[in-house]
1. Once you put a point 7 Å from the Cα of His187 and another 7 Å from the Cα of Thr115, both along the Cβ direction, what distance in nm separates them?
2. If r is the Cβ-Cβ distance from Asp24 to Leu380 and R0 is 56 Å, what FRET efficiency results, to the nearest 0.05?
3. Just add up the charged neighbours of Asn411: K/R +1, D/E -1, any other residue whose Cβ is under 12 Å from the Cβ of Asn411.
4. Long-range amide H contacts for Thr199: which residues qualify at under 5 Å (H placed 1.01 Å from N, peptide plane, sequence gap of 5 or more or a different chain)?
5. Counting only residues 5 or more places away or on other chains, whose amide H sits under 5 Å from the amide H of Gln276 once H atoms are built in the peptide plane?
6. From the Cα gyration tensor of the stretch 390-466, with a ≥ b ≥ c the square roots of its eigenvalues, which class applies: rounded if a/c is under 1.5, or else prolate if a/b is larger than b/c, or else oblate?
7. What does the accessible area of Arg121 come to, in Å² to the nearest 10, when a probe of 1.4 Å is used?
8. What does the net charge come to around Arg345 if you take all other residues with beta carbon closer than 10 Å to its beta carbon, with K and R at +1 and D and E at -1?
Amino acid sequence: MEIRITPDLKVEPASVPTIGLLPDLPIKVTNFWNTNLFHFNAQRYNVGVCEAGHPSRLNSDASNLPAVLMRLAGNSGDIFRELSQHMRDIFPSVKNLSVTGIERTNNLEILIWPTVEQRYREHAVGLNESGTGLSQVLAILTVAMTMERSVVVIDEISSFLHPAAAKALVRILESHYSHHQYLISTHSPEVIAASSPSTVHLVKKDGFKSSVLPINPADIFQLRLVTGELGVSMTDVFASDRIVWVEGPTEETAFPYIIEQTRSLKGSKVGETAPQFTAVIATGDFTAKRARKELVFEIYTRLSSAAATIASSAVFAFDKEELSAEGMADLNRQGKSRVAFLPRRHFECYLLSPSAIKSVLTAELGEEVATTAEIEKMLLTLGGGPKFKAKSKWKNDLSDEEWLAEVDAANLLKQVFNEATSSRLAFSKIRHSFLLLKEIMGSNPTSIKELIGFVHELAELSLDKA
């Protein structure tokens, strides 16, 4: 995914030199560019109505969107239902979609339903009468889901979408439809931090001249840490019916990704949306001996209830760390039985995969610095070290569940990153934890089925009302 920060992004087909080329090659290249480039700018899209037809693809201006969706619903019902689910995840107020003919005309219209059931036409609202963001997102998702490989340009995504909705859209595009190339311009650091961009450029204007400055994507994650120090992101909180307060920004990014990737495996009900995962300001407030933990829980619970459109109790998910069984039971009691603890010490305990570590290191440095076997040997050599807090559980087995539950995996990964790269690449908890998760989800998701189950349990717990 490529993100560019720019106040005004214009994309035009590049001129093609004709010297030494076949006469019709420039025309073919230009036609290919025009049919595979989709540009969504910051303006209102009136694409909710069009003439009936059976187009196989979306026009570059999305003018035939109703006809494309009508064909999709008839020929590929599962994809249309998945599209509806994505819209629910991005817009809590949207529960279903349909396409219908307009009486006494040859036109089709897209309808937005506030209920999953589609019983009474009076309950639905035409897409053109809905918010600008709905039209934009529906068109963008249609491109992502129906085209093989395209260039999707989204200009100023935050100008037509609520920040939380923009983050949800970026997450869906990245996790489900990464085979396209995305060029997104935005002024929102939260949108950038919610993604894993391959390149980031800052466009700075000085008088009549503009300069393009490349930015290290790893620095974006540091930006999120800085903004996190200012407190909870209220744009996240007030955009969701259900909130799960999690340990930190790593879980805030990783848990929604797990939900997206495994929704079908868990048999989610039609119309069921994922909760909003939001990091607490300071986990220590819940575990400090002198803290009034009941008051802390009450603050977050009231915040969740005030934000939700339907009265909801807060759900909390924390790392086990070194808490005793009695300590966890006490916290759960004070949290009114809505506190869940990760089965292992912390999130990184699920990421100790030699092959995933090797893939991430290679991608980050652009070269292979160590083989999978060499990384496995490093882990085996270091695994029983006292500094990693699980010496008594070490059996020289990286798959041993008792050791995995206790080991300080975050510090172990730091050591492995340093040794494997000769200190050229430091382990970043937020960035590299997410990249390792993506590798494992893509190659061996069964190895983290416990983590996947835990995240879905949180989602189910968030459905229970007070």
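1. Placing both labels 7 Å along Cα→Cβ, they lie 4.1 nm apart.
2. On the way: r = 60 Å, r/R0 = 1.07.
FRET efficiency, Asp24 to Leu380: 0.40.
3. Values: positive: Arg345, Lys387, Lys389, Lys414, Lys429; negative: Glu348, Asp408.
Result for the local shell: +3.
4. Placed amide hydrogens put Ile3 under 5 Å from Thr199.
5. Answer set, sorted by chain and number: Arg242, Ile243, Val244.
6. Prolate.
7. Per-residue accessible area (Arg121): approximately 110 Å².
8. Taking every other residue near Arg345 into account, the sum is -3.
The values are calculated or read from the model by the stated rules, or taken from the named source; none is laboratory data. Because the structure is predicted, anything quoted here is derived from the model rather than measured. For neighbour counting, all protein chains shown are included, and Cβ atoms are generated from backbone atoms with ideal geometry for every residue, glycine included. Remember, those area values only see protein heavy atoms, side chains included, never the ligands or the DNA or RNA. Shrake-Rupley method; radii C 1.70, N 1.55, O 1.52, S 1.80 Å.
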